[in-house]
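Written below as structure tokens is the structure these notes are about.
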Protein chains: 2
Amino acid sequence: MMNTQLTLTQMIERAERYFPKKEVVSRTSPSKIHRLTYAQIGKRTRSLSSVLEKLGVKRGDRVGTLAWNQHRHLEAYFAVPCMGAVLHTINMRLSDDHLVYIINHAEDKVLLIDEDIVPIIEKVKDQLSTVTAFIIMTDKETLPETSLEPAYSYEALLVTGDENYPFCNDIDENEPAGMCYTSATTGKPKGVVYSHRGIVLHSLALGLADTKGISESDVNMPIVPMFHVNAWGIPFASTWFGSKQVLLGPNVTPKLICEFIESEKVTATAGVPTIWIGVLKELEENTYDMSSLRLMICGGAAAPKGLIKQYREKYGIPFVHAYGLTETTPLLTVSKLKSGQSDLTEEEQLEIRAKQGMAVPGLEVKIINEKGEAAHDGKEIGELLVRGLWIADSYYKDDRSKESFRDGWFYTGDIAAIDEEGYIKLVDRTKDLIKSGGEWISSVDLENALMAHEAVFEAAVVAVPHPKWQERPVACVVLKDSYRNAVTKDDLLSYLKPQFAKWWLPDDMIFLEELPKTSVGKFLKRELREQLKGHLKPSV
Amino acid sequence: MMNTQLTLTQMIERAERYFPKKEVVSRTSPSKIHRLTYAQIGKRTRSLSSVLEKLGVKRGDRVGTLAWNQHRHLEAYFAVPCMGAVLHTINMRLSDDHLVYIINHAEDKVLLIDEDIVPIIEKVKDQLSTVTAFIIMTDKETLPETSLEPAYSYEALLVTGDENYPFCNDIDENEPAGMCYTSATTGKPKGVVYSHRGIVLHSLALGLADTKGISESDVNMPIVPMFHVNAWGIPFASTWFGSKQVLLGPNVTPKLICEFIESEKVTATAGVPTIWIGVLKELEENTYDMSSLRLMICGGAAAPKGLIKQYREKYGIPFVHAYGLTETTPLLTVSKLKSGQSDLTEEEQLEIRAKQGMAVPGLEVKIINEKGEAAHDGKEIGELLVRGLWIADSYYKDDRSKESFRDGWFYTGDIAAIDEEGYIKLVDRTKDLIKSGGEWISSVDLENALMAHEAVFEAAVVAVPHPKWQERPVACVVLKDSYRNAVTKDDLLSYLKPQFAKWWLPDDMIFLEELPKTSVGKFLKRELREQLKGHLKPSV
């Protein structure tokens, strides 16, 4: 067969050729919405490649982006890899320390920065050792005031570029196309490199009818940020398959999400549970037409069963669990019913949907514990291991690789059970499991049960050191506004009681105004654990 | 990223693991229907691998099959490539001469033969120079009488095999997995080799929502034979994604097809136009419940517009054009409407559906003529060239490779136009185009117009040598039974007149009882041309 390489150039070229009139809707600020066609995006992408080349970016060089979900970021998604360079998407919410570390560690040569993020980089600019140019992605006609040097206006550069720039045509599919850093339990973030081949195969997987089925008829609006594992790969697949894209820019609120789903007739969207908890609240307060939605993907953390139930039953929204990690590009599983399972009761179906789903074609999974490989019986738990077509094999120039990548498998750090049908159920992160008197308690199970209570907005359960039992669970709960002061700790404990073994019940329940979250919206349990370190006294 | 290879082993292993109870329905004779689960198919497949190994089949050896669509053939589809050998599917309808040629040319070591095909091989057995074993796929308990030597019973061998046989785990994705010979305009058939990588990527393409969207919830019944380009890849994708499969065995009639669609609730089926012309006739005469069908794929040749229209409008069956060739694994295009196009009039939509569609992701196409690359304006025509992830780069040990594979492209031998939206319209085979007075006439356009006439069952238009104009079109027409002797040549010519330029109209119209067809059901125009060589006299 022909030795055709799996590279990103074919994606953008296909959009240019077959979907020139299809739109990308991009909100760069609360007041500014752009509408560009793929024909325009294609020309601008080629211009950007040519401009980066003039700025000295060479094959294999890293180009960093600090940007929200918007069209210029999408242009960089293709312009950088399709000239043979490497797209390094950076989470601008990291600490200054970590930002400096990853930019220097990746040796970024050029940074593309959204205007409102410029101050963050200005603060640390003197510590950046490899950056030779800052390109500011502003809507303004002139370059905003900045201490970055040399600084360029994205649009001003683009008009000097070559909109017919030919993309690199000899890229080997195993060359790096992108990279993303993931936070570590301790120490500096760890870098993951994505090859062209990995991203292309992952994109094919996203188009499968049995996964997300991304197609030409879709209007895709990823809420997950483009600096977070390539917005789960959605911009790549959407461009290749010719979907309309909606990119929401900065300051995304539940209200904004609902408004855009309604006005742009969004068919598929994706985000973390905290986003969908917020959107549910918005739907309870205001009315929107959500009928265009065929898929609301929830990933990044396990969604509470109550959330799934409410979306599906109350609003008829096809809320679907997916699961993956930075190291896995990220798609590992999608939780859809198998044929025949639609004959099950609502409750049984919900039980399946609340799991993370089956490994998608191209991947293999297993769970291991101290006894070896665990049975797929839905009961035995162990650390989830994965291998396959778009799984990383190491961290970028990082000695910690050998802890996570062993014997050809990636050790996810997630504790899971796998049932007879192959559905994975995440039990916890290795580090979030609670070890009480030698037995494991799943913080996720307790959280999901709590969040299924009508009064509970959010809940996180963490391990707190205990003199006798080693660790005991403590629940941190945010009540819905209308239930503030109307529900007590005992109410919630009585509610949990019939659902769990007695020794699983939290030793305490703390009501908070809000839960601390990571920069991508996951509960920051590490911080809660830190705060609650001395909470349980020997007398308890 | 991990160096995971794109090999077929993952497909069957996934079916075993995730879909053990899903069924394969197999009709091996008019009176015998088998129902096996993927758990059973998996064990039997592994047994078959182990048995072939014992018979001396080694890495890279070719194993030939002469069989209908049935479960043992499906087992061979995986047992052979997953042990590192090469599956050579053989069209048993070829002439003895061609059969001998391809078996010897491929150097098949073992042949797997359906019982009713044994006599065909017995006739030529003394000319086979490389075959060391004949395995007869019979339902009988004992081996039928045969002069083949050594001959084995498939089932008897299987019970001696190892149902836990571990598939080869170090196959390189570029190793050959299968091969299929295609007939040549002149000379012996030409062999095409499919790599593991090519078949896996092709299978991913078949699962895309925008192509065939093959999924777990499907009941797939390919009518296209498993000896013809791997039944268009459907058995591979169906197994990988866990679809139920229905394999119809020998002596497939329109009635049988309709009965199985109804009884097995088939969701997707695929065949050549002549099959669907027959099924349409059956539907006009008898009533069936076809409501389970979500996709009726028509490929192998251009379907007449009238056929598409009748299926869609009269029976509400989603009849979809696809196009490909033996050299292209085969999927090249699928003709679906783009979003927005569903707002067009019925007639405009039909116009699009009657085209072959856009190149699927992973492939590139262009058309060239004597002036170079032709414009994509829907008007300029030229030979269609294709390249991409599952396109052959040569014929197996064949000097004719250099005619068809040049400059990194495969020259399809098909004449096509491509419109602004990227839809390909086949105009003709290079060799079927009619050159009249220096201008091209499309035989396919004339045929499609004729077949849209209510009285016409089938029509083929061929070039007949003409002393003045070089070539002129002559139409060969089969009328529907109820119209026999009720429609004249002049009726049909008057019907064509308003639709074509005067010089396009056929010089003669010949009524036949039936049209000669190739072994895969395409019109055998070569034979008609041969018969009509002297048909047009100088005086005409």
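Values for this structure:
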| item | result |
| --- | --- |
| Qualifying residue in segment B:59-70 (condition: more than 17 Å from B:Ile136 (Cα to Cα), away from every other protein chain (no Cβ under 14 Å), in a strand (DSSP E or B) and among the aliphatic types (A, V, I, L, M)) | no |
| Filter result for B:Lys355 (surrounded by 17 or more Cβ atoms within 10 Å (Cβ to Cβ) and under 18 Å from the mean Cα position of the chain (by Cα)) | yes |
| Condition broken by B:Leu201, with the remaining ones in (1) in a loop (DSSP other than H, G, I, E, B); (2) within 24 Å of B:Gly84 (Cα to Cα); (3) more than 17 Å from the chain's Cα centre (by Cα) satisfied | (1) |
| Filter result for the condition that a residue is surrounded by 15 or more Cβ atoms within 10 Å (Cβ to Cβ) and outside the structural domain of B:Arg400 (by TED's automatic domain parsing), over B:Glu327, B:Glu364 | B:Glu327 |
| Leading residue by the ranking (nearest to B:Gly388 (Cα to Cα)) among those in segment B:423-450 that are more than 23 Å from the chain's Cα centre (by Cα) and surrounded by fewer than 21 Cβ atoms within 10 Å (Cβ to Cβ) | B:Trp440 |
| Residues within segment B:369-392 that are of a type in the set (A, V, I, L, M) and either modelled with pLDDT under 95 or assigned to a loop (DSSP other than H, G, I, E, B) (or both), tallied | 6 |
| Selection from segment A:30-42 of residues that are of a type outside the set (A, V, I, L, M, F, W, C) and either outside the structural domain of A:Leu247 (by TED's automatic domain parsing) or touching an Asp or Glu at 6+ places or on another chain (Cβ under 7 Å) (or both) | A:Lys32, A:Arg35, A:Thr37, A:Tyr38, A:Gly42 |
| Condition met for A:Glu513 (assigned to a strand (DSSP E or B) and either at pLDDT below 95 or of a type in the set (Val, Ile, Thr) (or both)) | no |
| Residues of segment B:239-257 classified as more than 24 Å from B:Pro30 (Cα to Cα) and assigned to a helix (DSSP H, G or I), total | 3 |
| Residue satisfying all of: in segment B:380-393; more than 19 Å from the chain's Cα centre (by Cα) and more than 9 Å from every other protein chain (Cβ to nearest Cβ); nearest to B:Ala106 (Cα to Cα) among these | B:Leu385 |
| Segment A:200-220, subset hydrophobic (A, V, I, L, M, F, W, C) and touching a Phe, Trp or Tyr at 6+ places or on another chain (Cβ under 6 Å), residue surrounded by the most Cβ atoms within 10 Å (Cβ to Cβ) | A:Ile214 |
| All positions within segment B:258-285 that are within 14 Å of another protein chain (Cβ to nearest Cβ) and either without any contact (Cβ under 8 Å) to a residue 12 or more places away in the chain or in a helix (DSSP H, G or I) (or both) | B:Glu264 |
| Any hit, segment B:350-368, residues being in a helix (DSSP H, G or I) and of a type in the set (S, T, N, Q) | no |
| Pairs with Cβ under 9 Å, 6+ apart, first in segment A:203-216 and at the interface with chain B (Cβ under 8 Å from one of its Cβ atoms), second assigned to a strand (DSSP E or B) and among the polar types (S, T, N, Q) | A:Ile214/A:Asn220 |
| Residue satisfying condition, being farther than 17 Å from A:Gly388 by Cβ and either among the basic types (Lys, Arg) or away from every other protein chain (no Cβ under 12 Å) (or both), within set A:Val224, A:Val229 | A:Val224 |
| Subset of segment B:415-446 that is assigned to a strand (DSSP E or B) and touching a Ser or Thr at 6+ places or on another chain (Cβ under 7 Å) - its residue that is modelled with the lowest pLDDT | B:Asp428 |
| Count - residues of segment B:4-23 that are within 11 Å of another protein chain (Cβ to nearest Cβ), of a type in the set (A, V, I, L, M, F, W, C) and part of a loop (DSSP other than H, G, I, E, B) | 2 |
| First in segment A:388-403 and free of Cβ contacts under 8 Å to residues at least 40 places away in the same chain, second anywhere and of a type in the set (Val, Ile, Thr), Cβ under 6 Å, 6 or more apart | A:Gly388/B:Thr4 |
| In segment B:109-153, the residues that are among the polar types (S, T, N, Q) and either in contact with a strand residue (DSSP E or B) (Cβ under 9 Å, 6 or more places away or on another chain) or under 13 Å from B:Thr65 (Cβ atoms) (or both) | B:Thr130, B:Thr132, B:Thr138, B:Thr142, B:Thr146, B:Ser153 |
| Any chance A:Leu99 is assigned to a strand (DSSP E or B) and surrounded by 23 or more Cβ atoms within 10 Å (Cβ to Cβ) | no |
| Verdict on B:Lys336 being more than 17 Å from B:Ile277 (Cβ to Cβ) and in contact with a helix residue (DSSP H, G or I) (Cβ under 9 Å, 6 or more places away or on another chain) | yes |
| Of all residues in segment B:216-246 being hydroxyl-bearing (Ser, Thr, Tyr) and out of contact with any helix residue (DSSP H, G or I) (no Cβ under 6 Å at 6 or more places or on another chain), the one that is farthest from B:Ser263 (Cα to Cα) | B:Ser238 |
| Conditions (1) in contact with a Lys or Arg (Cβ under 7 Å, 6 or more places away or on another chain); (2) away from chain A (no Cβ under 14 Å); (3) over 24 Å from B:Leu325 (Cα atoms): number failed by B:Leu248 | (3) |
| Any pair with Cβ under 9 angstrom, 6 or more apart, that starts in segment B:26-44 at a residue that is without any contact (Cβ under 8 Å) to a residue 12 or more places away in the chain and ends at one that is in a strand (DSSP E or B) and among the hydrophobic types (A, V, I, L, M, F, W, C) | B:Ile33/B:Val25; B:Gln40/B:Val24 |
| Matching entry among B:Phe236, B:Phe241, B:Phe227 (being in the same structural domain as B:Phe78 (by TED's automatic domain parsing), closer than 26 Å to B:Lys402 by Cα and at pLDDT 95 or above) | B:Phe227 |
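For (1) surrounded by fewer than 20 Cβ atoms within 10 Å (Cβ to Cβ); (2) within 30 Å of B:Tyr101 (Cα to Cα), each residue gets a yes or a no:
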| position | (1), (2) |
| --- | --- |
| B:Tyr194 | no, yes |
| B:Arg197 | no, yes |
| B:Lys265 | yes, no |
| B:Leu295 | no, no |
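The values are calculated or read from the model by the stated rules, or taken from the named source; none is laboratory data. Just so you know, these numbers come straight off a predicted model, no measurement behind them. Cβ sites come from the backbone with ideal geometry, for glycine too, and all protein chains shown count toward neighbours.
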